[in-house]
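A.B. asks: Have a look at this one before I ask anything.
The values are calculated or read from the model by the stated rules, or taken from the named source; none is laboratory data. What you see is a predicted model; the values in this text were computed from it and never measured. Here the Cβ positions follow ideal geometry from the backbone for every residue, glycine too, while neighbour counts run over all protein chains shown. Ligands, DNA and RNA are stripped out before the accessible areas are found, and what is left, the full protein with its side chains, is counted by its heavy atoms. Shrake-Rupley method; radii C 1.70, N 1.55, O 1.52, S 1.80 Å.
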Amino acid sequence: MESRLLSSGTTGLPRLTRPAARITTVAVSSPATGGNLVCGRQLRPSLLNLHYSSPVSRITYTPNRHVLKPSNATASDSTGDAAPVGFFAKYPWLVTGFFFFMWYFLNVIFNILNKKIYNYFPYPYFVSVIHLAVGVVYCLGSWTVGLPKRAPIDSNLLKLLIPVALCHALGHVTSNISFAAVAVSFTHTIKALEPFFNAAASQFILGQSIPISLWLSLAPVVIGVSMASLTELSFNWLGFISAMISNISFTYRSIYSKKAMTDMDSTNLYAYISIIALFVCIPPAIILEGPQLLNHGFSDAIAKVGLSKFLSDLFWVGMFYHLYNQLATNTLERVAPLTHAVGNVLKRVFVIGFSIIVFGNKISTQTAIGTSIAIAGVAIYSLIKAKIEEEKRNLKSA
């Protein structure tokens with residue numbers, strides 16, 4: 001703001017007056033509209049504890065008082081006219097809904113294609129590496145063209161990301177081991193227990209208070225998964241234990257990812273996690289499956305489907321894997337970890353249904369009932385969780 005030279009009249013020497021207190025305004029956009037970059041880093045609205053009732057919130061700094069004052073004024077130009085509000089900024093829930101839809105859609109396609117590959121190429125460690133490798137190439141290409149711009153990383157942030165990447169790598173590999181060993185529908189039925197593990201970690205590790213009503217709503221999920229597991233026709237212990245390890249790993253990944261998001265946007269966050277996880281997954285793939293792949297693994301797969309389809313399947317399954325996980329990470333940035341876990345379970349409803357239709361998996365009556373009970377438990381959990389959050393918002397606004 002330029003200082004002004006004010007005159008006392010039409011003639012005579014101009015009189016200098018003390019300028020009014022300068023006001024510096026920093027615009028911070030809501031998560032629905034992205035974030036303003038300040039000094040190369042994205043400001044996190046959660047750190048500033050602002051309200052998102054308007055598309056742009058302002059922090060007004062007055063030197064005389066030395067306080068930060070949030071304001072609900074909308075962005076304006078130099079003439080004082082209000083800037084037009086975009087459609088998606090006005091309805092941010094549509095953006096979040098789109099993220100959930102694309103997350104579900106891409107995950108269904110990934111699971112179907114992934115299982116088809118395992119039917120003729122049963123090497124989960126190598127396929128896990130391919131998933132991550134395709135995603136890493138995608139991230140490096142995106143950084144090269146500046147979409148998005150690569151976020152800088154330092155030693156402190158790397159310390160935060162390494163545990164996340166380790167959990168991501170372990171959860172990813174064990175999921176693929178389970179997918180290769182049992183039916184897709186059964187693996188996702190076991191992984192429906194993720195909200196239970198997430199709630200336990202939130203209370204006993206993060207110290208968050210989980211109401212007893214939420215714990216009780218998770219009981220049908222546990223009972224339903226247990227019923228489905230007892231009579232699952234494709235059951236084996238390798239698939240069951242691998243899916244359980246995956247649940248625990250992804251629970252920790254979600255919690256630590258949420259912490260890391262305070263310093264980095266979700267797109268760059270997942271890119272760095274993928275790169276670290278790739279280096280973690282390569283050694284066991286070489287040690288455990290390398291000799292078999294060189295002796296007959298690759299040749300058998302090419303003989304069954306041909307070289308062109310084999311390479312095409314590996315590329316597309318890796319691309320779908322990266323895109324659905326990227327969208328899952330973007331969605332996690334917008335919601336709480338428990339809400340994300342519930343959404344993850346609802347996604348499994350689509351995956352289970354489509355996998356049964358596509359692969360014609362036969363399931364027993366008890367398995368069908370158990371799966372239905374588990375899904376019903378998730379629905380009850382979601383309603384209770386939404387009610388509790390609504391009551392909290394009402395208390396804050398009162």
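A.B. asks: Looking for something of a type in the set (Gly, Ala, Ser), modelled with pLDDT of 95 or more and either in a helix (DSSP H, G or I) or at positive phi (or both) - is there at least one such residue anywhere in segment 320-343?
C.D. replies: Taking segment 320-343 and keeping what is of a type in the set (Gly, Ala, Ser), we get 328, 336, 341, 343.
If we keep only those that are modelled with pLDDT of 95 or more too, we end up with none.
No, segment 320-343 contains no residue that is of a type in the set (Gly, Ala, Ser), modelled with pLDDT of 95 or more and either in a helix (DSSP H, G or I) or at positive phi (or both).
A.B. asks: Counting residues that are at pLDDT below 90 and open to solvent by 20 Å² or more (accessible area, probe 1.4 Å), which helices (runs of 4 or more DSSP H) fully inside segment 115-221 reach at least 3?
C.D. replies: 155-181, 194-204
Let's see how each residue does on (1) of a type in the set (Phe, Trp, Tyr); (2) closer than 24 Å to Val182 by Cα:
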{"site": "Gly306", "(1), (2)": "no, no"}
{"site": "Tyr321", "(1), (2)": "yes, yes"}
{"site": "Leu346", "(1), (2)": "no, yes"}
{"site": "Phe354", "(1), (2)": "yes, yes"}
{"site": "Thr367", "(1), (2)": "no, yes"}
{"site": "Ser372", "(1), (2)": "no, yes"}
{"site": "Val378", "(1), (2)": "no, yes"}
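A.B. asks: Moving to a separate point now. With respect to the numbered conditions (1) part of a helix (DSSP H, G or I); (2) open to solvent by 40 Å² or more (accessible area, probe 1.4 Å); (3) touching a residue at least 24 places away in the same chain (Cβ under 8 Å); (4) not aromatic (Phe, Trp, Tyr), which one is the sole condition not fulfilled by Ile241?
C.D. replies: Of everything listed in (1) part of a helix (DSSP H, G or I); (2) open to solvent by 40 Å² or more (accessible area, probe 1.4 Å); (3) touching a residue at least 24 places away in the same chain (Cβ under 8 Å); (4) not aromatic (Phe, Trp, Tyr), Ile241 misses just condition (3).
A.B. asks: Additional query: In the set Ile282, Ile286, Ile255, which member is among the β-branched types (Val, Ile, Thr), at pLDDT below 95 and assigned to a helix (DSSP H, G or I)? Break it down stepwise before answering.
C.D. replies: On the way: Ile282 fails: at pLDDT below 95; Ile286 fails: at pLDDT below 95.
Exactly one of Ile282, Ile286, Ile255 is among the β-branched types (Val, Ile, Thr), at pLDDT below 95 and assigned to a helix (DSSP H, G or I), namely Ile255.
A.B. asks: Follow-up. Mind checking which residues of segment 227-238 are within 29 Å of Thr329 (Cβ to Cβ) and either of a type in the set (Val, Ile, Thr) or open to solvent by 50 Å² or more (accessible area, probe 1.4 Å) (or both)?
C.D. replies: The one that is within 29 Å of Thr329 (Cβ to Cβ) and either of a type in the set (Val, Ile, Thr) or open to solvent by 50 Å² or more (accessible area, probe 1.4 Å) (or both): Leu238.
The rows are residues; the columns are (1) open to solvent by 40 Å² or more (accessible area, probe 1.4 Å); (2) not aliphatic (A, V, I, L, M).
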| residue | (1), (2) |
| --- | --- |
| Ser249 | no, yes |
| Lys259 | yes, yes |
| Asp265 | no, yes |
| Val280 | yes, no |
| Ser308 | yes, yes |
| Phe315 | yes, yes |
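A.B. asks: Checking Ile177 against (1) in contact (Cβ under 8 Å) with a residue 40 or more places away in the chain; (2) at positive phi, only one condition comes out false. Which one?
C.D. replies: Unmet for Ile177, out of (1) in contact (Cβ under 8 Å) with a residue 40 or more places away in the chain; (2) at positive phi: (2).
A.B. asks: Is it the case that some residue within segment 247-260 is of a type in the set (Ser, Thr, Tyr), closer than 18 Å to Cys139 by Cβ, touching a residue at least 12 places away in the same chain (Cβ under 8 Å) and out of contact with any Leu (no Cβ under 8 Å at 6 or more places or on another chain)? Spell out the reasoning first.
C.D. replies: Keep residues of segment 247-260 that are of a type in the set (Ser, Thr, Tyr), which gives 249, 251-252, 254, 256-257.
Right, trim to closer than 18 Å to Cys139 by Cβ and you get 257.
Retained after the next criterion (residues that are touching a residue at least 12 places away in the same chain (Cβ under 8 Å)): 257.
Then keep just the ones that are out of contact with any Leu (no Cβ under 8 Å at 6 or more places or on another chain); that gives none.
No, every residue in segment 247-260 fails to be of a type in the set (Ser, Thr, Tyr), closer than 18 Å to Cys139 by Cβ, touching a residue at least 12 places away in the same chain (Cβ under 8 Å) and out of contact with any Leu (no Cβ under 8 Å at 6 or more places or on another chain).
A.B. asks: Right, next: Somewhere in segment 94-111, is a residue free of Cβ contacts under 8 Å to residues at least 60 places away in the same chain and in contact with a Phe, Trp or Tyr (Cβ under 7 Å, 6 or more places away or on another chain)?
C.D. replies: yes
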